[in-house]
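Remarks on the structure that follows.
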Amino acid sequence: MVRRPLRRTVAAAALASVVLLVAAFVPSSPPPPERRPNIVLILTDDQSSDSLPHEPPVMPQLQSMMQDPADHWITFSNAFLNTPLCCPSRASILTGRYSHHTGVRTNYDGEHLDESSTIATWLHSAGYHTGLIGKYVNGYPFGPSSYVPAGWDRWLVKRQGDQSTAYYRYVLIDQGFPDYRGDGPDNYSTDVYAAAAVSFIRSAPPGRPFFLEVAPTAPHRPWTEAPRDTGALAGFPIADPPSLGEEDVSDKPAWVQALAPMDAERRAQLRTAHRRSFETLLSVDDLVVAVIRALQVRGALENTVVVFMTDNGFSFGEHRWVGKTCAYEECIRTPFLVRYPGASSHVDPRLVSNVDLAPTFAELAGIEPPSPVDGMSLVPLLRGPPSAPWRTGLLNEYVGDRKVPPWWEVRTEDFAYVELATGETELYDLAGVIGSADPYELQNRATDPAYAAVRARLSAQLATLRAG
């Protein structure tokens with residue numbers, strides 16, 4: 001069955017009743033300490049960008065809120081991830097830096113994150129009560145399991161390793177102590193994190209703003225829905241984009257040409273996987289509602305900035321690729337929503353990135369980032385039309401692995417231009433500036449003489465971004 005907006009209720013009783021405090025509205029100028037906004041970041045894991053928005057809705061409750069003109073959700077429709085891979089992306093979110101600056105370039109580099117200077121330490125030093133619930137970065141803990149990184153007051157984080165993507169039978173590090181979770185339905189990880197988030201909001205000390213990151217495993221593989229959601233999306237329509245199992249890849253890089261063609265059976269398998277991913281997101285939809293309701297009950301919703309995004313996208317067979325780490329839209333795009341009190345719900349098409357979160361949170365808190373950042377604060381976009389011109393291009397990058405060679409991309413509003421370490425290049429006219437529009441990246445224009453000037457300009461822009 002297809003779910004209808006606002007028809008679901010949160011299963012766990014712990015999510016239903018909270019008694020909280022009153023907070024004030026976010027002012028438009030740097031506020032005094034007691035008026036600074038709370039900040040809540042909900043960060044999913046491997047969520048495909050086609051899931052939100054989607055028709056019919058995959059996350060009906062959140063989609064209903066974000067499309068409600070009476071609400072305050074800004075949907076950034078051109079939001080991207082500097083490196084479309086879990087650990088590098090999360091390090092960039094925490095620091096506002098490109099992955100080539102954080103040193104966290106693969107899922108095995110988490111220990112290179114400078115934990116002495118993250119958004120947690122910045123906000124904690126500025127008087128914020130801070131908490132992280134769910135996933136931190138891959139590989140944690142990097143020392144004794146009792147260690148809690150600097151800057152975090154509340155720490156309920158899944159231990160990585162063999163159980164890093166498990167929805168049951170995992171270990172949480174709770175304020176430095178292991179909490180072993182079993183197979184029962186009350187251990188379903190997304191619900192555990194939702195209840196913990198509600199508890200954090202309920203118990204946050206009065207007189208201090210708070211920063212909370214809630215990072216569920218969902219919808220990472222192995223796609224595992226909450227018990228109440230089993231079969232909920234049976235028959236849910238999954239569209240086949242033109243790029244699915246792309247037949248003619250002769251103009252693509254060699255690594256794509258090496259991927260096997262997809263027959264009807266493989267396409268059907270991927271539709272099922274896509275549907276399972278969507279079904280896993282239903283509990284995340286409940287988590288978002290639980291957080292919003294807890295903020296309402298506390299009286300803090302209109303003094304809280306809520307951000308929703310993922311760490312990387314996911315390709316379900318587009319261009320024959322299944323997974324992340326590619327330079328195509330399916331990998332680098334993220335759903336990116338911000339509930340900003342006082343704003344009217346609308347769609348903003350300007351280019352934004354995960355590296356923008358840390359400087360945005362710093363400005364909301366009324367502080368300057370104490371360390372260099374590569375991102376830009378989104379506060380001018382949240383408060384209204386910016387007085388200064390916005391960026392014209394974004395840097396995306398990947399260090400490479402045994403299947404995907406290293407690549408660097410400049411993404412503009414109209415074009416996607418990629419340079420690979422192999423010497424190959426890709427250029428897609430997404431908006432149809434010169435030729436026909438190619439939003440599915442089917443026609444590589446890198447060797448087309450009509451695009452020679454565009455390619456030269458974008459190559460120079462990419463070189464400038466990489467040098468920054």
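The values are calculated or read from the model by the stated rules, or taken from the named source; none is laboratory data. Bear in mind the structure is a predicted one, so any value in this text is a computation, not a measurement. Cβ coordinates were reconstructed from backbone atoms using ideal geometry, including for glycine residues, and neighbour counts include every protein chain displayed.
Numbers for the structure displayed
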quantity: Segment 374-400 residues that are of a type in the set (K, R), paired with ones that are surrounded by fewer than 17 Cβ atoms within 10 Å (Cβ to Cβ) (beta carbon under 8 Å, 6 or more apart); calculated: R383/S28; R391/R350
quantity: Criterion (surrounded by fewer than 18 Cβ atoms within 10 Å (Cβ to Cβ) and at pLDDT below 95) met by exactly one of A254, A239, A268, A264; calculated: A239
quantity: When residues of segment 329-370 are limited to those that are surrounded by fewer than 24 Cβ atoms within 10 Å (Cβ to Cβ) and hydroxyl-bearing (S, T, Y), the one nearest to E246 (Cα to Cα); calculated: S345
quantity: Selection from segment 93-107 of residues that are of a type outside the set (D, E, K, R), out of contact with any Asp or Glu (no Cβ under 8 Å at 6 or more places or on another chain) and in contact (Cβ under 8 Å) with a residue 60 or more places away in the chain; calculated: L94
quantity: Residue within segment 123-146 that is within 21 Å of the chain's Cα centre (by Cα), in contact (Cβ under 8 Å) with a residue 12 or more places away in the chain and assigned to a helix (DSSP H, G or I) present; calculated: yes
quantity: Search result, residues across segment 402-429 that are surrounded by 14 or more Cβ atoms within 10 Å (Cβ to Cβ) and either touching a residue at least 60 places away in the same chain (Cβ under 8 Å) or on the phi > 0 side of the Ramachandran plot (or both); calculated: V404, P405, W407, E409, R411, T412, E413, A416, V418, L420, E424, E426
quantity: Filter pass, T224 being more than 21 Å from R320 (Cα to Cα), touching a helix residue (DSSP H, G or I) at 6+ places or on another chain (Cβ under 9 Å), touching a residue at least 24 places away in the same chain (Cβ under 8 Å) and assigned to a loop (DSSP other than H, G, I, E, B); calculated: yes
quantity: Candidate set: segment 76-101, residues that are polar (S, T, N, Q) and touching a Ser or Thr at 6+ places or on another chain (Cβ under 8 Å); chosen: the one farthest from V307 (Cα to Cα); calculated: S99
quantity: Matching residues, segment 441-468, being more than 24 Å from D374 (Cα to Cα), in a loop (DSSP other than H, G, I, E, B) and either assigned by the TED database to the domain that holds E246 or touching a Phe, Trp or Tyr at 6+ places or on another chain (Cβ under 9 Å) (or both); calculated: E441, L442, Q443, N444, R445, A446
quantity: Strands (runs of 3 or more DSSP E) contained in segment 254-368 and holding at least 2 residues touching a Pro at 6+ places or on another chain (Cβ under 7 Å) and polar (S, T, N, Q); calculated: 304-310
quantity: Single match in E363, E302, E368 (criterion: more than 30 Å from D438 (Cα to Cα), in the same structural domain as D71 (by the TED database), among the acidic types (D, E) and in contact with a Phe, Trp or Tyr (Cβ under 8 Å, 6 or more places away or on another chain)); calculated: E302
quantity: All strands (runs of 3 or more DSSP E) inside segment 153-207 with 2 or more residues being surrounded by 16 or more Cβ atoms within 10 Å (Cβ to Cβ); calculated: 154-158, 171-174
quantity: Residue in segment 237-250 that is within 30 Å of V307 (Cβ to Cβ), under 25 Å from the mean Cα position of the chain (by Cα) and among the aliphatic types (A, V, I, L, M) present; calculated: yes
quantity: Any chance R391 is surrounded by fewer than 22 Cβ atoms within 10 Å (Cβ to Cβ), closer than 22 Å to E419 by Cβ and not small (G, A, S); calculated: yes
